[in-house]
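The values are calculated or read from the model by the stated rules, or taken from the named source; none is laboratory data. If you're wondering where the values come from, they're calculated on a predicted model, not measured in any experiment. FYI the Cβ positions are ideal-geometry reconstructions off the backbone, even for glycines, and counts take in every protein chain you see. Keep in mind that these areas ignore ligands, DNA and RNA; they rest on the heavy atoms of the full protein, side chains included. Shrake-Rupley method; radii C 1.70, N 1.55, O 1.52, S 1.80 Å.
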Amino acid sequence: MKIALAQINPIVGDLGLNSAKIIDLIEEAREEKADLIVFPELCVTGYPPEDLLLKPKFIADNRAALERVAAASGEIAVYAGFVDSEGGALYNAAAFIEDGKIKHIYRKMNLPNYGVFDEKRYFREGTKGSVVNYRGAKIGLGVCEDIWVEEGPWEEEAKLGAGIILNINASPYHVGKIAEREALLKRRSAAAKAYFVYVNLVGGQDELVFDGGSMVFDPKGELIAACDQFREELLFVDLDQDRMIDWSWLAGPEEIYRALVLGVKDYVTKNGFSDVLIGLSGGIDSALTLAIAAEALGKERVHAVFMPSRYTSEQSRRDAKAVAANLGVELAEIPIEAVFADYLKVLQPNFRGRKENITEENLQARIRGNYLMALSNKFNWLVLTTGNKSEMSTGYCTLYGDMAGGFAAIKDVPKTMVYELAGWLNGQRPVIPAAVIERAPTAELAPGQTDQDTLPPYAVLDPIMRAYVEENRSLEEIVGRGFEAGTVEKIIGLIDRSEYKRRQAPPGPRITPRAFGKDWRLPITNRFKEQRRVQ
């Protein structure tokens, strides 16, 4: 049997575009004499449709789009995800289409309700696995989570004689996820003694990135076909002829960089923005953000502005100009000094008797945020903010200042990983000057200021943050890893107290197992504090 794996990038809610893309690929697969074409989970609606599912018209239109797909399928079989409904209940479902008609509907049996998933809010569980007979083959059906469950429908389908098992997915990316999928599919195919056809979604959707990486395994548990990550692809696999392949996935900084580029590209284009705007400071975070944007959109669609103050060094000016020149991005300069001086003058009577503190620092950040948003309004450019995960964790960022914008490109990238990405990027071609990477991180909002005046070194902060945020480790457990107790207490306290800021931050691409967004729901009003046991 010749099967086409249609790894596509749908747009949530664009039922017309999604169904037209599906129909075009069916025609292409038909021309290549494929017997069956397989599309991702909820490919008709895009994933996740979230509260669009509460709109009856959306459900009806999604069914009508599926009917158009079926009518256009002709003599090729199709397996594609959509939303099924019956008696007021909704199902995350997939249709097996044959001879231009919907012959069978499979309803997802295992609904994920953890991390970024919220499927039990919307869907009811299916109740049984399914095996269909098609051109002499018994084919088992499944959707995403059904394959992750021990004793799931795949096992019963194999017992019923299924020699091919289809599993369609909308599995979001995070670092290392592709290796988890591959190991799982290897075990499942060998245990079921069946071909496993795994088709995954690709593309960015708000803060989620879907990395594709669709695969086919033979009954011995050997990988015989795979799609690339982070791009659409139509891959043809002849189960009677294809044999084990030597395949390696993207890894390390390159994998993360590709995820960030796709996340930025799709957020900007799917939301109808032509260009983006970045405040370029001369530091490493804004330099990396500018590089990601230029890769995602092309240098002509990226704009940068340098906004010096009385505390801005000449090195920052030189480095900002160098980064913009290396990327071919035009750089404007708009000083903030005159406006800052006016602010201080106007506020002086109210501030009389008070020492300068973070208030004056934040004023500078907010003036810059106002400049960026004014340019955004005037030219309809989307502002990309430049804060990293280490800063977002600890609140080392300014509301309505450097947090002002529409999308946070490196929001889920810890500072130590920012340096890794910059090093990898420079290994491809010189982009970020060595001086930017080597100098001590600084916001330049006060004389001689560095990040480490306020925060522990990032080599200490990041593993503590990772343990607390991504692994849910307790204070005692983190101290047990060899970190100084006072430092751990300080970082945890900063993370907990900064939730009110993060709730007002723009979304950004998720690249770690737990990002600030859909899978982090700390209450803002919250008096729980971990206490350290004193021995």
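Observations on the structure shown:
- Any hit, region 306-315, residues being among the charged types (D, E, K, R) and at pLDDT below 95: yes
- Which listed residue, of E360, E356, is surrounded by 13 or more Cβ atoms within 10 Å (Cβ to Cβ) and of a type in the set (D, E, K, R): E360
- In the set (1) of a type in the set (D, E, K, R); (2) exposed (fewer than 13 other Cβ atoms within 10 Å of the Cβ); (3) under 26 Å from E489 (Cβ atoms), the condition left unmet by D451 is number (2).
- Any hit, region 103-126, residues being small (G, A, S) and over 32 Å from the mean Cα position of the chain (by Cα): no
- Counting the residues of region 452-470 that are under 22 Å from I511 (Cβ atoms) and touching a residue at least 40 places away in the same chain (Cβ under 8 Å) gives 9.
- Residue match in region 195-212 (condition: assigned to a strand (DSSP E or B), within 30 Å of W424 (Cβ to Cβ) and aromatic (F, W, Y)): yes
- The number of residues in region 288-320 that are in contact with an Asp or Glu (Cβ under 9 Å, 6 or more places away or on another chain) and not polar (S, T, N, Q) comes to 16.
- Elements of type strands (runs of 3 or more DSSP E) contained in region 94-145, each with 2 or more residues being within 30 Å of R514 (Cα to Cα), in contact with a strand residue (DSSP E or B) (Cβ under 9 Å, 6 or more places away or on another chain) and open to solvent by less than 50 Å² (accessible area, probe 1.4 Å): 137-143
- Residues satisfying the stated conditions in region 470-491, i.e. open to solvent by less than 10 Å² (accessible area, probe 1.4 Å) and farther than 12 Å from G395 by Cβ: L475, I478, V488
- Complete set of residues in region 62-80 that are closer than 10 Å to E27 by Cα and open to solvent by 10 Å² or more (accessible area, probe 1.4 Å): A72, G74
- Single residue of region 338-371 satisfying the filter (assigned to a helix (DSSP H, G or I) and acidic (D, E)) that is modelled with the highest pLDDT: D342
- Residues that are over 19 Å from I437 (Cβ atoms) and surrounded by 14 or more Cβ atoms within 10 Å (Cβ to Cβ), drawn from region 294-309: A296, L297, K299, R301, V302, H303, V305, M307, P308, S309
- Of all residues in region 233-247 being over 27 Å from G203 (Cα atoms) and out of contact with any Asp or Glu (no Cβ under 7 Å at 6 or more places or on another chain), the one that is surrounded by the fewest Cβ atoms within 10 Å (Cβ to Cβ): D240
- A434 being at pLDDT 95 or above, of a type in the set (G, A, S) and over 26 Å from G405 (Cα atoms): no
- Residue check, L52 in contact with a strand residue (DSSP E or B) (Cβ under 8 Å, 6 or more places away or on another chain) and either at pLDDT 95 or above or surrounded by 17 or more Cβ atoms within 10 Å (Cβ to Cβ) (or both): no
- Note on region 310-337: residues that are assigned to a helix (DSSP H, G or I) and either buried (at least 20 other Cβ atoms within 10 Å of the Cβ) or of a type in the set (A, V, I, L, M, F, W, C) (or both) amount to 8.
- Single residue of region 363-395 satisfying the filter (touching a helix residue (DSSP H, G or I) at 6+ places or on another chain (Cβ under 7 Å) and open to solvent by 20 Å² or more (accessible area, probe 1.4 Å)) that is nearest to R510 (Cα to Cα): T386
Rundown of residues vs (1) touching a residue at least 24 places away in the same chain (Cβ under 8 Å); (2) of a type in the set (A, V, I, L, M); (3) touching a Ser or Thr at 6+ places or on another chain (Cβ under 7 Å); (4) open to solvent by less than 10 Å² (accessible area, probe 1.4 Å), yes/no style:
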| site | (1), (2), (3), (4) |
| --- | --- |
| L185 | yes, yes, no, yes |
| S189 | yes, no, no, yes |
| D206 | yes, no, no, no |
| F217 | yes, no, yes, yes |
| G221 | yes, no, yes, yes |
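- Taken as a whole, the structure places D462 among residues that are in contact with a Pro (Cβ under 6 Å, 6 or more places away or on another chain) and either open to solvent by less than 10 Å² (accessible area, probe 1.4 Å) or at pLDDT below 95 (or both).
- Y91, sole failed condition from (1) closer than 27 Å to Q241 by Cα; (2) open to solvent by 10 Å² or more (accessible area, probe 1.4 Å); (3) under 28 Å from the mean Cα position of the chain (by Cα); (4) not charged (D, E, K, R): (1)
- Selection within region 149-164 - crowded, with 18+ Cβ neighbours inside 10 Å and under 28 Å from the mean Cα position of the chain (by Cα): G152
- Within region 506-519, being at pLDDT 95 or above and over 11 Å from D412 (Cβ atoms) holds for one residue alone: P506.
- Search result, residues across region 81-106 that are in contact (Cβ under 8 Å) with a residue 24 or more places away in the chain and over 25 Å from R30 (Cβ atoms): V83, S85, A89, L90, Y91, N92
- In region 372-395, the residues that are assigned to a loop (DSSP other than H, G, I, E, B) and either β-branched (V, I, T) or in contact with a Cys (Cβ under 8 Å, 6 or more places away or on another chain) (or both): T386, G387
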